[in-house]
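For reference, the structure is listed below as structure tokens.
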Amino acid sequence: MTSLAVIAARTGAAVIPASSYRNDDGLTHQIMIWPEVELESPSEDRKENMIHNTKRFNTMLEEMIDRNPAQWLWIHKRWKTRPPGEEVNPFPYKQL
């Protein structure tokens, strides 16, 4: 989804990643505000630039998740396909 890149390009808004991690005490959190991810325009093609920046935003998201993957939660069914060889979806969304 290129929407973040499109909105940032159209409005000039800064893209500042932020995340929250539970501390070991289980009661408090640490909020991390990461450096701005500035838009890049390596191509003359607007669509290619949006895809390029979206990849950069996703890389930042991966870094935030890698910091503490046990605290990662994704509610939306983003990945609708299964890996090769996996015949049964382990998450029966349609049964809920």
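With the requirement that a residue be open to solvent by 70 Å² or more (accessible area, probe 1.4 Å) and modelled with pLDDT of 95 or more, what does region 52-96 give you? Hit for region 52-96 is Lys55, nothing else.
With respect to the stated conditions, Glu44 is open to solvent by 100 Å² or more (accessible area, probe 1.4 Å) and either more than 15 Å from the chain's Cα centre (by Cα) or of a type in the set (A, V, I, L, M) (or both). Out of the residues in region 3-24 that are part of a loop (DSSP other than H, G, I, E, B) and open to solvent by 90 Å² or more (accessible area, probe 1.4 Å), which is nearest to Glu63 (Cα to Cα)? Here the answer is Ile16.
Cβ-Cβ below 6 Å, separation at least six or inter-chain, first residue in region 16-45 and modelled with pLDDT of 95 or more, second of a type in the set (Asp, Glu): which pairs? Pairs that qualify, where the first residue is modelled with pLDDT of 95 or more and the partner is of a type in the set (Asp, Glu), are Ile16/Glu36.
The values are calculated or read from the model by the stated rules, or taken from the named source; none is laboratory data. Being a predicted model, the structure only gives us computed values, none of them experimental. All Cβ positions, glycine included, derive from the backbone under ideal geometry; neighbour counts span all protein chains shown. To get the accessible areas, we keep the full protein, side chains included, count just its heavy atoms, and leave off ligands, DNA and RNA. Shrake-Rupley method; radii C 1.70, N 1.55, O 1.52, S 1.80 Å.
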